[in-house]
Structure formats: C-alpha cells, structure tokens
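Only one structure is covered here, and it is reproduced in the block below.
The values are calculated or read from the model by the stated rules, or taken from the named source; none is laboratory data. Computed from a prediction, not measured in an experiment: that's the story for all the values here. With ideal geometry, Cβ positions are generated from the backbone for all residues, glycine too; neighbour counts draw on all protein chains shown. Only protein heavy atoms, including side chains, enter the accessible area calculation; ligands, DNA and RNA are left aside. Shrake-Rupley method; radii C 1.70, N 1.55, O 1.52, S 1.80 Å.
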Amino acid sequence: MPYVVDFENVSTVGLESSPVADAAAGLRANEARYFRNKYEHTFTVGTAEEEAAAVDRVARILKDERGIVIASRPLEATDFEVDGIRMTYVFYESGLSINVMYTLAEGGKRAVGFKLSDGMDVPEELSAFKFARQRSKLAGTIRGSYFVIKSEY
C-alpha cells in the first residue's frame, strides 16, 4: 500500500530495519519536501516488493552503466513522472537512497544520483565516487554523488 511521505512529521515507517532509520527517514522526507515545493507533487513510496519494477529499473541501469550491484536490501521505492521527467527512487536498508532522473524529451538530462544518510559509511560498491556534503534540517548531513546516464532506457 503506498505511503505518503510526510516531511512535517518525519516517520521511520517502512525503514525500521535500517541501522540509520531516523536519518534515512529524514533523507526520504527531504526528497518529499523538494518535490512538494518545486513541483507540487505528493511523494509516495511503496515497499520494494510492491514497487519491484522500479527496483529492477534502478538495478539494471546501475549494472549496465557502471557494473554496480548494490549489496544492501531495498526497502522502499517509487516511480513517477513530473514535468517531463521520470523519477525513480529506491531507499535501501543501509540508509542509501538512489534516484534515476530521466528526462523524457530527446537530449534532456539523465543521471543517477546517490545520497548517503547521516551516520552511514560509503558502501564498498560506491567507493569510486566522490561525495559532496549538504546540510538539511530534516536529514542532518547528506552526502551525495551522481553520474550521467549514457544509454537509452
């Protein structure tokens, strides 16, 4: 059943098994606030089982583009279109959040973004990436990185 992410009353619902559940919930709420403010979009997530197509899409793009396989178990995911951009998010048990931004128009921006919850270590499979830091009232310190998608998906 889809869960509407509340960025005013942050909850760990769906993320309880994460060792950094509070920080991961803050990271998820930070994304929800961004999409509400920028696009007036309500950010909803489902379990990884319910959103298996989204989880598989992210895994396929990571594998095809960079040979990356995420070791952590996916907990939640979402896939939606807003303003001509297809957005796919997967939230992992480790506290990792991966998003795929795929502009539908030819020649648009297409990238994979990684965000690490406050308190988690950089996963071994992402050790080649440099992570920039940003502060968030909801999520504490978020570390993020990305790469540009080269193929068509």
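Considering Cα pairs under 8 angstrom that are at least six residues apart, work out the relative contact order of the range 1-108 and quote it in whole percent.
Dividing the mean separation by the residue count of the range 1-108 yields 25 percent.
Assign unit charges at the C-beta atoms only (+1 for Lys and Arg, -1 for Asp and Glu), then state the dipole size of the chain relative to its Cα centre in Debye, rounded to the nearest 20.
Dipole about the Cα centre, nearest 20: 700 debye.
Heavy atoms only, probe 1.4 angstrom, no DNA, RNA or ligands counted: give me K137, K63, K115 ranked by accessible area, highest first.
The ranking, largest first, comes out as K137, K63, K115.
So what J values fall out for the range 115-130 if you push phi through Karplus, 6.51 cos²θ - 1.76 cosθ + 1.60 with θ = phi - 60°, rounded to Hz, Gly and Pro as x?
Values per residue, Gly and Pro as x: 10, 9, 5, 4, x, 9, 7, 5, x, 3, 5, 10, 5, 6, 8, 8 Hz.
Please list M101, M120 in order of solvent-accessible area, largest first, computed with a 1.4 Å probe with all protein chains present.
The most accessible residue leads, giving M101, M120.
For the chain: lysine pairs with Cα atoms under 24 Å, gap of 8 or more or different chains, count?
13
Tell me the per residue accessible area of the chain using a 1.4 Å probe; a whole number in Å² is fine.
52
For the range 104-153, what Kirkwood radius comes out of the mean inverse Cα-Cα distance, in Å?
Hydrodynamic radius (Kirkwood, Cα pairs) of the range 104-153 is 12.6 Å.
Which residues' amide hydrogens lie under 5 Å from the amide hydrogen of T12, considering only partners 5 or more residues apart or on another chain, with H built in the peptide plane?
none
Which shape class applies to the chain: rounded if a/c is under 1.5, otherwise prolate when a/b exceeds b/c and oblate if not, where a ≥ b ≥ c are the square roots of the Cα gyration tensor eigenvalues?
The shape class here is rounded.
Hey, what do the phi angles of the range 44-54 turn into as Karplus ³J(HN,Hα) couplings, whole Hz, using 6.51/-1.76/1.60 and θ = phi - 60°, x for Gly and Pro?
The phi angles translate into 10, 10, x, 5, 4, 5, 5, 10, 4, 5, 5 Hz.
Output ³J(HN,Hα) for the range 14-20: one whole-Hz value per residue in order, computed from phi by the Karplus curve 6.51 cos²θ - 1.76 cosθ + 1.60 with θ = phi - 60°, and x for Gly and Pro.
Going residue by residue, I get x, 10, 4, 6, 6, x, 10 Hz, with x marking Gly and Pro.
What Kirkwood Rh does the range 67-153 have if only Cα atoms enter the pairwise 1/r average? Answer in Å.
Computed over Cα pairs of the range 67-153, the Kirkwood hydrodynamic radius comes out at 13.9 Å.
For the chain, what does the helix formula give at 222 nm: sum of -39500 (n - 2.57) over DSSP H segments with n ≥ 4, over the residue count, nearest 500 deg cm²/dmol?
It comes out at -7500 deg cm²/dmol, rounded to the nearest 500.
Tally up the carbon and sulfur contribution to the accessible surface of the chain as a whole percent, 1.4 Å probe, everything protein left in place.
Of the solvent-accessible surface of the chain, carbon and sulfur hold 49 percent.
Please report how far the C-alpha centroid of the range 30-51 lies from that of the range 96-152, rounded to the nearest whole angstrom.
That distance is 16 Å.
Quickly rank 40-50, 68-78 as a protection proxy: mean count of other C-beta atoms within 10 Å, highest first.
Descending mean neighbour count gives 68-78, 40-50.
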